[in-house]
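See structure below.
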Amino acid sequence: MKKEIYQLHAEMCKVFSNSTRLEILNLLRDSELTVSELIDKTKLSQSNVSQHLSIMKSKGILVSRRKGMNTYYTLSNPKIINAFDIIREILIERLKKMKNLSKTVRG
């Protein structure tokens with residue numbers, strides 16, 4: 001069971017190794033959005049957005065529902081955004097430390 005969890009964890013983390021997918025994840029943090037809305041907000045092509053959504057859905061990060069001509073995407077579990085926020089906070093702290101170190105060195 002441990003190995004299976006590590007494998008699933010690694011697969012999920014691969015999804016988060018792409019900046020476009022992180023942007024989409026952040027856009028979906030508060031509400032579901034249609035593919036068209038995601039295209040508009042990211043300024044990416046329909047094929048590019050659809051490819052990323054497909055990957056995220058296949059890994060269980062997103063779920064979708066169809067209504068009329070639109071497909072709506074949302075997070076499969078709100079805890080995903082908690083993990084996203086924790087990693088982001090760590091990176092912001094790291095950047096601040098690096099900037100402070102750079103200022104100290106330049107003195």
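The values are calculated or read from the model by the stated rules, or taken from the named source; none is laboratory data. Since this is a predicted model, take the numbers as computed values, not measurements. Positions of Cβ are backbone-derived with ideal geometry, glycine not excepted, and every protein chain shown enters the neighbour counts.
Exactly one of these conditions fails for I55: (1) touching a helix residue (DSSP H, G or I) at 6+ places or on another chain (Cβ under 8 Å); (2) closer than 16 Å to D85 by Cα. Give me its number.
(2)
Could you run through region 1-25 and say how many residues are free of Cβ contacts under 8 Å to residues at least 40 places away in the same chain, part of a loop (DSSP other than H, G, I, E, B) and of a type outside the set (G, A, S)?
2
When you check K99 against the structure, is it at pLDDT below 95 and over 12 Å from the mean Cα position of the chain (by Cα), yes or no?
Values: at pLDDT below 95: yes; over 12 Å from the mean Cα position of the chain (by Cα): yes.
So K99 passes the test.
Tell me which residues, restricted to region 64-104, are among the small types (G, A, S) and surrounded by 10 or more Cβ atoms within 10 Å (Cβ to Cβ).
Step one: filter region 64-104 for residues among the small types (G, A, S), giving 64, 68, 76, 83, 102.
If the condition is that a residue be among the small types (G, A, S) and surrounded by 10 or more Cβ atoms within 10 Å (Cβ to Cβ), then S64, S76, A83 are the ones that fit.
How many residues are of a type in the set (S, T, Y), more than 24 Å from E11 (Cβ to Cβ) and either part of a loop (DSSP other than H, G, I, E, B) or in contact with a Phe, Trp or Tyr (Cβ under 7 Å, 6 or more places away or on another chain) (or both) if we restrict to region 26-83? Break it down stepwise before answering.
Within region 26-83, the first condition is being of a type in the set (S, T, Y), and the residues that meet it are 31, 34, 36, 42, 45, 47, 50, 54, 58, 64, 71-74, 76.
Among the residues that remain, those that are also more than 24 Å from E11 (Cβ to Cβ) are: 31, 34, 36, 45, 72.
In the following step, the residues that additionally are either part of a loop (DSSP other than H, G, I, E, B) or in contact with a Phe, Trp or Tyr (Cβ under 7 Å, 6 or more places away or on another chain) (or both) were identified as 31, 34, 45.
The total comes to 3.
Filter region 13-48 for residues that are among the acidic types (D, E) and more than 15 Å from the chain's Cα centre (by Cα); which is surrounded by the fewest Cβ atoms within 10 Å (Cβ to Cβ)? Steps first, please.
Initially, region 13-48 is screened for residues among the acidic types (D, E), giving 23, 30, 32, 37, 40.
So of that shortlist, the ones also more than 15 Å from the chain's Cα centre (by Cα) come out as 37, 40.
On the way: E37: 17, D40: 12.
Restricting to residues being among the acidic types (D, E) and more than 15 Å from the chain's Cα centre (by Cα), the top hit is D40.
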